[in-house]
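Every number here is computed from the coordinates shown, using simple stated rules; none is lab data. These numbers were taken from a predicted model, which means no experiment stands behind them. In this analysis, Cβ positions are derived from the backbone assuming ideal geometry, glycine residues included, and neighbour counts consider all displayed protein chains.
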Amino acid sequence: MSKKNYLFGIILLLVLLFSVNIFAGVTGKITGRVIDKQTKEGIPGVNVIIPELGIGAVTDLDGYYFILNVPVGVYSVTAQIISYQTQTKTNVSVSADINTTVNFELVMGAIEYDTVIVEAKESKIQTNVTQKERTMNQQLLDESVSNNIMAAVANNAGVVGTGNAMHVRGGRTDEVGYMVDGMSIIDPVTKGLGATINKNAVSEVKFISGGFNAEYGEAMSGILNIVTREGSKKYEGTVRYEGNSFLPTSFNYGDNRLEYSLGGPIYKDFLRFFISGDIYTTNDWSPLFVDKPNFFYKNDSTGYAFSYDFVDYSLAGYDSLGNPIIDTSYTTVNWTQDSVPYFTYGVDTVVDTLNDTTFYYNKVVIDTVMWNRYGPTYWENLGVVVPHHKRSEYHAQAKFTLKPTKNLKINLGGFYSHSSFQQFNSALKYNLERYLTRNTDGYQINGTANWMVNQANFVTLTGSYFYTQTHYGPEFDAILFDENGDSIYPPEVIIPKWYEFWKPYGVIDTNNFHYVPGMVDKWKNNSPWGWWIDAQYIYPNWYGVSSFRYSNYLTVKADWTSQIGRYHEMKTGVEYKAYELYLWDLYLPWDPNPFSDQYHVYPKQLAAYVQDKMEFEGMVVNIGLRFDYLDANTPYYYVANNRSFPLYQQDTIIDTITGDTTIVITPNPNITKPDSYPGYPDSVWDTLTWPVRMAEKKYKVSPRLGISHPISEVSVLHFNYGHFFQTPQMDYLFSGLGVDLSKRGNSNIGSPNLDAERTISYEFGIATQIGADMALDVTTYYKDIYGLIGSRKVYALPAPYYALQNVEYGNVKGFEVAFSKSSKYFSADIAYTLSFAKGTASDAWEGYYLTYAERDPVTGGDIQMPKIPYYLSFDQRHTINIGFVLRMPAKELPIYADNWTISVDNSINSGQPYTPVNEKGIKTGVTNSERKPWRFNTDLKFRKGFLFGTFEPNIYITVTNLFNIRNVEDVYASTGLPDRNATLASIKKDIFNAYNIGEPGYDVRRDIDRDGTVSQDEAYESYIAYYKDYLNDPTNWSAPRVVTVGLEFSF
């Protein structure tokens, strides 16, 4: 071996060792051919350059060229050679991982310095792409209606839902890979989006909905890669405000969003920068249709809601015979709708001293007066917002671009994301003071070195650190309220043990919480009708859950791209990730044995891939192989023949004297402690209960094949086949390892030994360009999904529990049609998806909920999990998205009539399935055999721009749900309706009693005619009104119309 080859081998080995999961490019490629316009023969030796970047290539003997490692953006490409007229093609768009074709026809004999400028005609189909993908550049993102990147992605074919609830081609929500600049921003605990990035920081979004190449891993349904902006050669900046907090009450949700961006050179082209960010606050982050309840207890024309004449008895004197004269006097007391009086019986004592006699007179007296906090005044002041629905967010992003040499480019950057929002629960809408709030913070720091070794080879070295944390739990106010609405009572007085518990996150006894004196009578007034269904309507702050977790991982990766000849583009890469995951979780804190869990683990991952993209004249073949490796690096309890369960073994102890037997749970002694294990010192091992083993190391090899075959100049076929693996949510690996099953059953237990979930996917499609500005793409796909995580009940002593296992299966098939048209004044995108998503469970917890909440109607035992796939809960048969943009460029019409765009997004979706049940919750049909109604929505954005030299102000008006359609999102399974269940019709009047004022069962809010008696009819009518309000869950409907107005200044 020569020294040169030996040195190359050492360098390659170091790259593999020190460079998991998701690879993604942030640069593209330009290829083409330069020919003589007259002879149509290739011209060798032509210099093809990109002036903005100062890079280029020279054509080969047949006139072909390629330029690798081109950053995402829009450029000019120039072809020049002596004896030919120079030609420049403008408006050449380059996207990540895409080969952009730019061909030239040069005229011989023209003056060398006479340059012809031609605007490049963008092809509407990509002939060299072997997967279904869509790229949204900065213009498309600016013209999209939503400020949310995820909402823009949701308009693509094959997508159901948005954000962390996004299903791609029938997959679960945790099967999508999210990246920024090619680096993962997934929260490994949940496999969801670990942080968000502001829209004004984005240069391009690439969304792959299936069949991705070997360079992509740790995803089975889709890949979303966000490429952030870089500073340009000139200074550019934008400031934008958008909101509705200044609009009339019927449109005022308290929205305020301020965005900024600034970029440009720091030192010539050597160092450039780009920074951006936003701040967002709102009183209602997800508006809902809020119906004002029908209250009986409200102010009338007198300005009062209830009046009562209290009687007092006193001795007025004696008659002529010496008999006492008892005087009765009346005092009228009035209450408004904001106060609720509680009455009881008292006694007036009248002493007759003349006759030495005492008289006792029963009368009605006031027991206490409580604040009717959730009565009519509350709803009048609420406006259109949902209570307990505030949100605040802020983001910051920065990227610095350094070019020390022509062939070396270094990017240093990162972003920070914060989100804090309150959650709404309709079942607790009269008891939301300390309901749950979620706070999430995340940031990424990254650096990339891109080295152009020569025209045909470049290496990219990347390192990043990503951190995300989430706290989930109740809010804590310092004070509570009294009957007048004054906040004077500290919670330690109202609910002493509860408040005492939450401050140190300790554990309290159930009785200390539930039986605070007078709790039931005093706090039942939370319901404006004085009725309640269960404790959550009575007890403030009852919701006992708190969770804190954080995840961070360091990523180092290296990629090498090499163009070998005209036909082969080889890519290989390796990536290493080191994680730290922490979780603390507590539920039902008042229970002597609450649900609690904690783990602190350090798993590791390694991935590598090799891929060859062969671009022949009539065919493009993408073939690749991927290797993924996981070391959970965690000890866990192990039982022979049942390795996934951290069980104790059962022993029987026999009393030698009495013969009585006792069953005990003891650790399985069959496994012996290893001598040592890296990372876990003896002091740690000695604290563990045996048996313990380290989790097995897992690895998978997945082949990928993609083929693209042009069948004409305007049509191309593509086929894709691949095996796709992903590690389950890491919470499924580590949850429950700290649970003591001898004290708390009914727990969900994960296992570090879970296998990877696996998808085998097939995809076939044809794309055709129609005319100069239209394209039609038809794709069909089929997926088998194996080893999905599901929960199964495990029978053990002293109590059963639930284990997470690779037991579920899914099958998805579908058909997608996408039509696009793009011209100077009008653009349109139409996407239709026909999908059939079946499986044995819609999520990992379905087995738990089924066997815990339901019983087999025949045997009375546990429900058996289905073995035959059924339609999943997110199966959406028909999905139609229609978007179009009308635009009038600047200076095309007289001033003030030009420079505007109108963007419209329409969505039409068929209903998702649900399982019908009867009044008692027992199934009356096959699982997910009924469907919810169709949903229709239209969003609109109008932009008007102005030009004052380099100063460009814009005004925006955005309207979501333009026609204010009340779409049904969820229904009650017993009726199929969003606001009624079967129980409502079964409530009979004869179960109610009549009560007079002063009796414990009397409540003024049920006394409809205000006569001092709650009749049986009034009790029934007020309860029905209350129960209808209880069923009227606003989350069962979509969001109403929301209007925001914005102003932008840019230069």
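Some notes on this structure:
- When each of the peptides 55-62, 988-995 is scored by the mean number of other C-beta atoms lying within 10 Å of its residues, the order from highest to lowest reads 55-62, 988-995.
- Working note: Karplus 6.51/-1.76/1.60 with θ = phi - 60° gives the range 927-935 the couplings 3, 6, 8, 10, 10, 6, x, 5, 10 Hz, where Gly and Pro are set to x.
- For LEU315, nonlocal amide neighbours, meaning residues 5 or more places apart or on other chains whose placed amide H falls under 5 Å from its own, are ASP327.
- Fewest-first ranking of MET774, MET150, using other Cβ atoms within 10 Å as the exposure measure: MET774, MET150
- Efficiency of FRET between SER823 and SER286 - r from beta-carbon atoms, R0 30 angstrom, step 0.05: 0.25
- Spacing of the modelled spin labels on MET619 and TYR699, each 7 Å from Cα toward Cβ, amounts to 3.2 nm.
- Orientation-averaged projection of the range 306-371 equals 4.8 nm² [convex hull of Cα atoms, one quarter of hull surface area].
- Using θ = phi - 60° and Karplus 6.51 cos²θ - 1.76 cosθ + 1.60, couplings along the range 876-886 (whole Hz; Gly, Pro as x): 10, 4, 10, 10, 10, 10, 10, x, 8, 10, 9
- A Stokes-Einstein calculation at 4 °C with viscosity 1.567 mPa s, built on the Kirkwood radius of the range 141-215 over Cα pairs, returns a diffusion coefficient of 99 µm²/s.
- Estimated translational D of the range 352-402 in µm²/s (Stokes, Kirkwood radius over Cα pairs; 25 °C; 0.890 mPa s): 130
- Normalised by residue count, the range 133-172 yields a Cα convex hull volume of 65 Å³ per residue.
- When the alpha carbon coordinates of the range 909-964 are projected onto the principal axes, the ranges are 70, 16, 15 Å, largest first.
- Residues HIS389, HIS395, HIS167, HIS568 in ascending order of nearby Cβ atoms (within 10 Å, fewest first): HIS568, HIS389, HIS395, HIS167.
- Amide H contacts of PHE273: GLY231, GLY264, ILE266, THR401, each under 5 Å away and 5 or more positions distant or on a separate chain (H built 1.01 Å from N in the peptide plane; Pro and chain starts excluded).
- With all pairs of separate Cα atoms included, the range 184-235 yields a Kirkwood hydrodynamic radius of 13.0 Å.
- Fewest-first ordering of ARG693, ARG172 by other beta carbons within 10 Å of each residue's beta carbon gives ARG693, ARG172.
- Reciprocal mean inverse distance between Cα atoms of the range 983-1031 - Kirkwood radius, Å: 11.0
- Based on the convex hull around the alpha carbon atoms, the range 20-119 presents an average projected area of 6.6 nm².
- Here each label is just a point 7 Å from Cα along the line to Cβ, and for HIS600 and ALA799 those points are 2.7 nm apart.
- Backbone HN-Hα couplings from phi across the range 284-301 [Karplus 6.51/-1.76/1.60, Hz, Gly and Pro as x]: 8, 7, 9, x, 9, 6, 10, 8, 6, x, 9, 8, 8, 8, 8, 5, 9, 5
- A Förster radius of 22 Å combined with the Cβ-Cβ distance from ASN294 to SER986 puts the calculated FRET efficiency at roughly 0.55.
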